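The values are calculated or read from the model by the stated rules, or taken from the named source; none is laboratory data. The structure presented is a predicted model; accordingly, all values stated were derived computationally and were not measured. Here the Cβ is made from the backbone with ideal geometry for all residues, glycine too, and neighbour counts use every protein chain on show.
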Amino acid sequence: MGPRAVYVHVPFCEQICHYCDFNKFFLKNQPVDEYLNDCETEMSRTVARFPFDRIESIYVGGGTPTSLSTVQLEKLLLAIRHHFRINEPDRIEFTVEVNPGSAEPDKLAMMRRNGVNRLSIGVQTFDGDLLKKIGRDHKPEDVTDTIEKCREAGFENISIDLMFGLPGQTLSNFEDTIDRAVSLGIEHVSAYSLKIEEKTVFYQLAKKGRLSLPHEDTEADMYDLLISKLAEAGFHMYEISNFARGNKESVHNITYWNNEEYYGIGAGAHSYMEGVRRQNHGPLPKYMKAIADGELPYREEHAVPVKEQMEEELFMGLRKTEGVSLSRFEKRYGKPVTEVFGATVDKLMKQGLLERSGSCLRLTEKGRFLGNEVFEHFLLD
């Protein structure tokens, strides 16, 4: 049937955040128009080689997609709609990432006109000093202003990203951020703890002993507070880091957690098609040379063996609150979970980290706080 989700990467930023290890470049003096042409060429070649049945979600991320001009961003959206035959875009989930203060009314109107119906706004924190410390270039008040403009443009599905465990962040500081997020009337929250990744400013500071982070117990308290306060505000947790009001769960991200296939377009993008995971070249010269040479811009390709697929089904599916469907697993792989992972499941259930809920296997409340440790148990020898 082919992938049903499309991810398109815009690697340009006007500011590089200190924690970010995504493929990104300063916008100034970059060959943006040439890059957009190459993305369209990649779309055409990809669809020709890997046909699709129907598309259910599109996600334009970065980088900062809204760092593009209105004309440039519209060019990209039109290319996506053309090559993936999105004739009725409002019938699918169509998300674009937005930085506070980087989407003016004309750009928002253009996105809405071209079928974008969901926005993901990178807020991270409402503490102005902390925003500076992590390298963000917006102010707390920019968030409210941006959301007001989004509503005026007709957007009814808005998500924000938050972070916790940041340098110098306190529990009360994070509580204020949650309260201010809830007051915005948004439909979705993604919240992640800080991870120190190589090739970031924070990694270099940590190596030099110059990065003061909250204690892991404080970070756990932040996560516990997040869950309880969002629940009080009417959000339900449907994945370890994601919370939605009503039926506004992210269709696109559920594709990943269900271990389903997806297209990845652009420099550094990842894809999963016909059982093979691929990563595109990240540096723009390498990506653009591959396109110029008439190739698809793959840096590496990995045919995922069945054993590895089963592992991924477990450690990605267990991120969901509902857990892993036991019947779906058996239908997909021809074996029940108990035959493949029986001893591991029994061990984790005895430790109070996993439980059966109807026809699903899921993390317990205790297990959610130790998710990474649980997932590691499913990496087979």
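Identify, please: which residue in segment 47-79 is polar (S, T, N, Q) and under 22 Å from the mean Cα position of the chain (by Cα) and is, among those, surrounded by the most Cβ atoms within 10 Å (Cβ to Cβ)? Give the derivation first.
So the first thing to find is which residues in segment 47-79 are polar (S, T, N, Q), and the list is 57, 64, 66-67, 69-70, 72.
Filter once more, so that each one left must be under 22 Å from the mean Cα position of the chain (by Cα): 57, 64, 66-67.
Numbers: Ser57: 20, Thr64: 21, Thr66: 27, Ser67: 22.
Among them, the one singled out is Thr66.
Identify, please: which residue in segment 191-200 is surrounded by 10 or more Cβ atoms within 10 Å (Cβ to Cβ) and not polar (S, T, N, Q) and is, among those, nearest to Gly168 (Cα to Cα)? Steps first, answer last, please.
We begin by selecting, within segment 191-200, every residue surrounded by 10 or more Cβ atoms within 10 Å (Cβ to Cβ); these are 191-197, 200.
Adding the requirement that they be not polar (S, T, N, Q) leaves 191-192, 194-197.
Values: Ala191: 17, Tyr192: 16, Leu194: 12, Lys195: 15, Ile196: 15, Glu197: 18 Å.
That would be Leu194.
Please list, ordered by first then second residue, the pairs with beta carbon atoms under 7 Å, 6 or more apart or interchain, first in segment 303-324 and surrounded by fewer than 17 Cβ atoms within 10 Å (Cβ to Cβ), second part of a loop (DSSP other than H, G, I, E, B) and at pLDDT below 95.
From segment 303-324, the pairs are Lys307/Leu380.
When the residues of segment 201-221 are narrowed to those that are touching a residue at least 24 places away in the same chain (Cβ under 8 Å) and among the small types (Gly, Ala, Ser), which ends up surrounded by the fewest Cβ atoms within 10 Å (Cβ to Cβ)?
Ser212
How many residues, within segment 97-133, are touching a Leu at 6+ places or on another chain (Cβ under 8 Å), farther than 30 Å from Phe84 by Cα and surrounded by fewer than 22 Cβ atoms within 10 Å (Cβ to Cβ)?
2
Considering segment 261-289 alone, what residues qualify as being over 16 Å from Arg49 (Cα atoms) and more than 17 Å from the chain's Cα centre (by Cα)?
His281, Gly282, Pro283, Leu284, Pro285, Lys286, Tyr287, Met288, Lys289
Tell me, please, whether a residue that is more than 21 Å from Pro100 (Cβ to Cβ) and of a type in the set (A, V, I, L, M) can be found in segment 184-195.
no
Looking only at segment 32-64, filter to residues that are assigned to a loop (DSSP other than H, G, I, E, B) and in contact with an Asp or Glu (Cβ under 9 Å, 6 or more places away or on another chain); which one of those is farthest from Ala290 (Cα to Cα)? Steps first, answer last, please.
Quick first cut of segment 32-64, residues assigned to a loop (DSSP other than H, G, I, E, B) only: 50-56, 63-64.
Keeping just the survivors that are in contact with an Asp or Glu (Cβ under 9 Å, 6 or more places away or on another chain) gives 50, 56, 63-64.
Working: Phe50: 18, Glu56: 29, Gly63: 21, Thr64: 23 Å.
The qualifying residue farthest from Ala290 (Cα to Cα) is Glu56.
Given the criterion outside the structural domain of His188 (by TED's automatic domain parsing) and in contact with a helix residue (DSSP H, G or I) (Cβ under 7 Å, 6 or more places away or on another chain), identify the matching residue among Gly266, Gly275. Steps first, please.
Numbers: Gly275 fails: in contact with a helix residue (DSSP H, G or I) (Cβ under 7 Å, 6 or more places away or on another chain).
Only one candidate passes the filter, namely Gly266.
Which of the residues spanning segment 249-286 are in a helix (DSSP H, G or I) and in contact with a strand residue (DSSP E or B) (Cβ under 6 Å, 6 or more places away or on another chain)?
Going residue by residue through segment 249-286, those that are in a helix (DSSP H, G or I) are 251-257, 284-286.
Selection gives Val251, His252, Thr255, Trp257.
Is it the case that segment 145-167 has a residue that's modelled with pLDDT of 95 or more, touching a His at 6+ places or on another chain (Cβ under 6 Å) and not acidic (Asp, Glu)? Give the derivation first.
Step one: list which residues in segment 145-167 are modelled with pLDDT of 95 or more, which gives 145-167.
From what's left, touching a His at 6+ places or on another chain (Cβ under 6 Å): 159.
Next cut, not acidic (Asp, Glu) only: 159.
Checked against the condition, which is being modelled with pLDDT of 95 or more, touching a His at 6+ places or on another chain (Cβ under 6 Å) and not acidic (Asp, Glu), segment 145-167 yields at least one hit.
Quick one: in segment 163-190, of everything that is in a loop (DSSP other than H, G, I, E, B) and in contact with a Lys or Arg (Cβ under 7 Å, 6 or more places away or on another chain), which residue is surrounded by the fewest Cβ atoms within 10 Å (Cβ to Cβ)?
Across segment 163-190, the extreme among qualifying residues is Gly168.
List the residue pairs whose Cβ atoms are under 6 Å apart, where the first residue sits in segment 334-360 and is over 17 Å from Glu308 (Cα atoms), the second is in a strand (DSSP E or B) and among the polar types (S, T, N, Q), and the two are 6 or more positions apart or on different chains.
Partner pairs satisfying both residue conditions: Cys360/Ser325.
Residues of segment 1-43 being among the acidic types (Asp, Glu) and either within 17 Å of Lys199 (Cβ to Cβ) or modelled with pLDDT under 90 (or both), which ones?
Filtering segment 1-43 down to residues among the acidic types (Asp, Glu) leaves 14, 21, 33-34, 38, 40, 42.
Glu14, Asp21, listed by residue number.
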